[in-house]
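Values in this text are rule-based calculations from the coordinates and carry no lab data. Note that the coordinates shown come from a computational prediction; the quantities given were computed from them, not determined experimentally. Don't worry about glycine lacking a Cβ; one is built from the backbone with ideal geometry, like all the others, and counts go over all protein chains shown.
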Amino acid sequence: MAGAAGPRGAHRADQKVTMRVVVTGQVGVDKTPFLSRVVEIAAEQGHDLTLCNVGEMMYAEAPDVAPGRILDLPLSRLTDLRRSVFKDILATCEKRANVLINTHATFRWRHGLFYGFDYDHMKALNADLYIVLLDNIDRVHRRLIDDGHTDHTLKDLMVWREEETLATELVAQIVRGHGCFYIFARGFDDSTAEAMVRLLFHPQQKKAYLSFPMTHIVDPSDLLAEIEQFRRHLKGYFICFDPADLEEKYLTGIALAAAADGQRSVEIGRPGERISVDVAKLVDIIPDIDGQIYARDFKLIDQCDMIISLIPQMADGRPGLSSGVERELQHAHEAAKDVFVIWKPKVDPSPFITGTATKVFDSVESAIRYFHDGDYVVSPPPGSLFDN
């Protein structure tokens, strides 16, 4: 997926960029506030970006429909509304340089599973990029419950997310071809919105997958701080895809512990976003969580130019090298990506690390110096979130 064709008309860094971007995501991801922030960051960097929210436009066309009830309409009327709105979007694209279309690829609702786009309109749009926006399943579930939508299970949401991802990728490949589809996590701060702006307007910047141990760092706040510093530091130099921006593995531990204790319900979610869920239903999605992490992280690597992995030293001196990190490094190597390893332990790395790595560093600072010297780093745009 790396090396995608650039935006139409953008052959040099100094040329005006003209972009058409489709962003999908299941109901409950809450894409509009995130994409509005993308528009704000783009404006701060001097880029005019118009956001078209298909759902809001459909409600404007149907004032008789109560908020939150549009998906309950008959499919025939839903299709007519969508087609009418998309004609307006195509007209907007003729007038505005850069347009971001916020829509859905699929819906899993009372009508069952049905598509959320029309092929003829997607072909006419011929977007430069197709992005599916994902979020933690507990956050998606909580938003739907808060909006009064209770007719779903956690399993439904996990399946819908896979369907939305697959449908978006298929549309991208059929309409535009290889290299124009990206998976983005909504994340928990502005760094993901900043990364999307860079992808849209600074495609010359390198794309990096950040790899580090996630499931076995139970101790030390020092190690967690080291990993956090690594993540933030690298995001200042590259368009980063960070697996910690969508972290659900912790749910499996909560589910198994609650089941072992005989609990019928348990609270999940970040502080301020807590919600009570049925333990049996949480246990039911453990295979989905594990399977989607495995598949999604490999896709994130595939859409990058390189992988940068931090291997910290544990309190007992052992390398903090998880099986997941090892598998990510091997996958990146086999996909012909640049593989960079920041090895912090005092013991030497094994041949399985050195044999697959493009280069091994002993610190983040030495890696950054190498990236600068090797022209891997393009200066961050003015107004970047990471400006010092």
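Here are the numbers for the structure shown:
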{"item": "Principal semi-axes in Å for region 1-205 [√(5λ), Cα gyration tensor, largest first]", "result": "27, 19, 16"}
{"item": "Span per principal axis, largest first, for the Cα atoms of region 206-379 (Å)", "result": "56, 35, 31"}
{"item": "Beta bridges by DSSP in region 100-223, antiparallel share as percent, to the nearest 5", "result": "45"}
{"item": "At 0.692 mPa s and 37 °C, Stokes diffusion of the chain via Kirkwood alpha-carbon radius, µm² per second", "result": "148"}
{"item": "Reachable lysines, given that their alpha-carbon falls under 24 Å from the alpha-carbon of LYS155 and they are not under 8 places away in the same chain", "result": "LYS31, LYS249, LYS281, LYS299"}
{"item": "Sorted by Cβ density within 10 Å, fewest first, the residues TYR59, TYR250", "result": "TYR250, TYR59"}
{"item": "Neighbourhood charge, 9 Å Cβ-Cβ cut-off, centred on LEU246 and excluding it, Lys, Arg +1 and Asp, Glu -1", "result": "-3"}
{"item": "R0 of 41 Å, Cβ-Cβ distance ASP80-LYS155: FRET efficiency to nearest 0.05", "result": "0.80"}
{"item": "Spin-label zone in region 233-254 - amide nitrogen under 17 Å from a point set 7 Å from the Cα of SER323 along the C-beta vector", "result": "249-250, 252-253"}
{"item": "Mean shadow area of region 114-224 over all directions, Cα convex hull, nm²", "result": "10.1"}
{"item": "Using a Förster distance of 51 Å, the FRET efficiency for GLU56-ALA259 (Cβ separation, nearest 0.05)", "result": "0.80"}
{"item": "Spatial extent of region 156-281: Rg and Dmax, with the Cα atoms as the point set, Å", "result": "17.9, 53"}
{"item": "Rounded to 5, the percent of DSSP beta bridges in region 1-205 classed as antiparallel", "result": "20"}
{"item": "Loop trypsin sites (Lys or Arg not before Pro), region 180-281, which have at most 15 other Cβ atoms in a 10 Å radius of their Cβ (DSSP)", "result": "ARG264, ARG274"}
{"item": "Eligible aspartates and glutamates near LYS87 by straight Cα distance, threshold 20 Å, same-chain separation 8 or greater", "result": "GLU56, GLU61, ASP118, ASP120, ASP128"}
{"item": "Intensity falloff of region 249-328 expressed as log10 I(q)/I(0), Debye formula with alpha-carbon point scatterers, at q = 0.15, 0.21 Å⁻¹", "result": "-0.77, -0.98"}
{"item": "Rounded, prolate or oblate (a/c below 1.5 giving rounded, otherwise prolate when a/b exceeds b/c) for region 320-375 by Cα gyration tensor", "result": "oblate"}
{"item": "Considering only the chain, percent of DSSP beta bridges that pair antiparallel, nearest 5", "result": "20"}
{"item": "Stretchable slack from LEU113 to ASP190, in nm (0.36 nm times residue separation minus alpha-carbon distance)", "result": "24.5 nm"}
{"item": "Approximate spin-label separation LYS249-ASP278, in nm, with each point projected 7 Å along Cα-to-Cβ", "result": "2.9"}
{"item": "Loop-located trypsin sites (Lys or Arg not before Pro) in region 37-87 whose Cβ has at most 14 other Cβ within 10 Å (DSSP)", "result": "ARG69"}
